[in-house]
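Structure first, then comments.
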Amino acid sequence: MREKVPRNNEAETAVRAVGGVVGQQLPIVGGFSASVPRRAFSALLHHSGIRRVWLDHPVKMADVDGDDDIEEFDSKPPNTEWRAAIGLTKVGDDVDGEDVTVAVLDTGISQTEDLGDRVVERVDFTRNGDGYDQYGHGTHMTGIIAGDGASSGGRWAGVAPDADVISIKVAEWDGSTDVSTVLAALQWVAVHGDDLGVRVLNLSFGTDSVQTYRQDPLNHAVQRVWKAGILVVVAAGNRGPSEASIAKPGDSPHALTVGAAYLHGTVATEDDEVAEFSSRGPTPDGFPKPDLVAPGTTIVSTRARGTTIDELRPAARVGEHYFKGTGTSQAAAIVSGVAALMFDVEPSLDPDTVKAILMGTTDPSLAGAKGGGTGLVNAAAAVRAARLGLESEPPMNHALSLSDGHGSLEESRGSLRVYADLNDDGVPEPVEGEVDVLGREWDPRAFANDYAWSAQGWAASPWSSLVRRSPGWSGRETTPRSWGGMGWSAKNWSAKNWSSYDGDPQAWPAKNWSALLWN
C-alpha cells in the first residue's frame with residue numbers, strides 16, 4: 001500500500017508496530033510503500049501519525065479496444081445470430097423505438113445513412129466542438145442501438161431502428177477523457193434530459209477504481225441521472241475473467257450493468273458462455289455484478305470512416321459502411337436498444353421497473369455462470385412484460401443506500417490519467433489529485449449539492465460556457481469559449497499497437513493514447 005504522508009518516524013513506527021514491513025520511500029508523494037497484515041489496515045487508517053492510506057493496485061495496459069483477446073475477434077465472421085438469440089426477431093415490426101430518445105455518452109457520432117435525421121442533438125464537451133466522432137466508438141454504439149440498416153438493406157440494423165439519439169461527446173480522436181469531464185456530461189444529462197425526452201443513457205465507459213460506490217462521485221452522478229427518470233445502462237468492462245473486475249460506474253447497484261455473452265455462432269442458448277474478457281463481480285461493496293449479459297462478440301454496426309479505430313483495425317471492416325466490434329460496450333448498447341423498445345410500448349415505465357423486467361425476463365442458461373448475472377437478455381419477453389407493466393416486489397433498488405458523492409475524484413479515476421494544460425502555459429501536465437480537468441480544485445460537497453443538479457446550477461458551472469450544442473445535423477451551432485483539451489499519459493499505452501502505422505509519427509504522440517476506458 002502507499003501512504004501519502006511526509007516521511008516521519010511516527011508513521012514508519014506505526015507500520016512496524018502492527019507487524020508490517022516498510023518498503024520503498026516515495027518522496028514524489030511524500031510517503032512510502034509498506035506491506036502490512038490485512039487485520040491491521042483499519043488501525044493504520046485511524047492512526048494520528050498517518051494522513052492517508054491507499055491500497056496498491058495492478059495496472060493493466062490496453063490495446064485499441066481494451067485487450068488482446070478482443071482484437072482477435074476482428075478476423076472472425078460477423079455475428080449473424082444475436083438478433084434471433086435474444087428474441088428480437090419475435091418482437092414485431094411495429095415496435096421499433098419510435099418517439100423514444102436515447103442519449104449516448106461516448107466519442108461522438110459520425111453522420112451515416114443508417115442514422116438518418118434521428119440524431120436530434122449533438123453535445124460536445126471537447127475542444128473539437130462539432131460533436132463528430134473521430135475515434136469510432138460512439139458511432140458503433142449508436143448504430144447498435146438505433147441504426148436502421150439503410151446501407152445494407154436492413155441486414156445490419158440495430159435494436160431500435162426508429163429511436164432518436166442525442167450524442168454527448170466527451171472524447172476526441174485518441175479516446176482520451178477524464179472522469180471530471182464525464183461528471184460534467186452526466187450533470188448535463190440529469191438537468192436537460194427531461195426537456196429532451198431522454199429515457200435511456202448508454203454509458204460504455206469505465207475506470208478501474210475500487211472506491212466504494214457510497215462515496216464515489218461517478219457513482220453519485222449515475223445515481224442522479226437515474227433519479228431524474230433515465231435508465232442508465234453501463235458496460236461491465238473488459239477485464240475478465242478476473243473476479244472483482246467490474247468497471248466503475250458499473251459497480252453501482254443503481255445502474256443496469258451489462259456483461260458480454262459469447263454465442264459460439266448459434267441461436268440456441270445451450271452453448272452460450274460468458275465471454276472470457278467480460279468483467280466479473282463482486283464489486284468492492286460486495287454486489288454480484290453484472291446484472292445480466294447480452295451478445296458481445298463481432299457485432300456489426302455503423303462504421304465511422306477514417307476514425308482511429310477504423311484506420312488501425314481494417315480486419316474489422318464489413319464492406320464500405322459497417323464494422324465489427326467486440327466487448328461489453330456492444331452488449332450494453334444492445335440492452336439500451338431493448339430498453340428503448342420497452343419505453344416504446346409503455347412510456348410510463350420508470351428506470352427501476354425497466355431494470356426489474358430486464359433482469360427478470362432473461363434466458364437463465366447463463367444465470368449460474370460467473371459474470372452471467374440473471375442470464376441473457378430476452379427482448380421479446382421484456383417487451384411483453386413492459387406492455388403488462390409488471391413490477392418487482394419489493395421495487396428494484398429498494399432500500400439500497402445512496403452515494404453521497406463526497407469521495408475522492410482522484411480515486412474515482414483509478415489507474416489512468418490524462419494530460420491537460422491546467423495553467424494555460426501551453427504545456428500539458430497530468431490531471432491528478434483533487435483537481436478537475438479545467439484546473440479547478442475539486443469540491444465534493446458542492447458537486448453533490450442539489451443546487452449543482454438544477455438548471456441554475458448548470459448555468460453557473462464553468463462547463464456551461466465550454467460546451468457546444470448542435471441541433472441534429474443542421475449545422476446551427478453555439479460557439480463555446482475555447483479550452484485546452486486533454487491527452488493520455490504515456491504510461492498508459494502499448495507501443496506494439498502502433499508498429500504497423502506508416503503515417504507521420506508526430507500525429508500519434510504516445511501521451512495522447514489509451515482505450516481502456518471504452519469498454
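Summary of values
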| item | result |
| --- | --- |
| Alpha carbon centroid spacing (whole Å) that separates region 318-394 from region 160-239 | 18 |
| Hull-based mean projected area of region 327-371, where the convex hull spans the alpha carbons, in square nanometres | 3.7 |
| Across K248/K355; K169/K355; K76/K169; K248/K289; K227/K248; K289/K355, pairs whose alpha-carbon gap is larger than 23 Å | K169/K355; K76/K169 |
| Global geometry of region 310-418, whether rounded, prolate or oblate, following the gyration tensor of its Cα atoms and the 1.5 cut on a/c | oblate |
| Modelled FRET efficiency - R0 51 Å, E113 with A40, Cβ distances, 0.05 increments | 0.25 |
| Unit Cα scatterers, Debye sum, region 167-326: log10 I(q)/I(0) for q = 0.11, 0.12, 0.19 Å⁻¹ | -0.50, -0.59, -1.28 |
| Shape category assigned to region 220-295 from the gyration tensor of Cα positions, a/c cut at 1.5 | oblate |
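Where a number appears in this text, it was derived from the coordinates with a stated rule and is not lab data. The shown structure was predicted, so the numbers you read here are calculated from the model rather than taken from an experiment. Quick reminder, even Gly has a Cβ in these numbers, built from the backbone with ideal geometry, and neighbours come from all protein chains shown.
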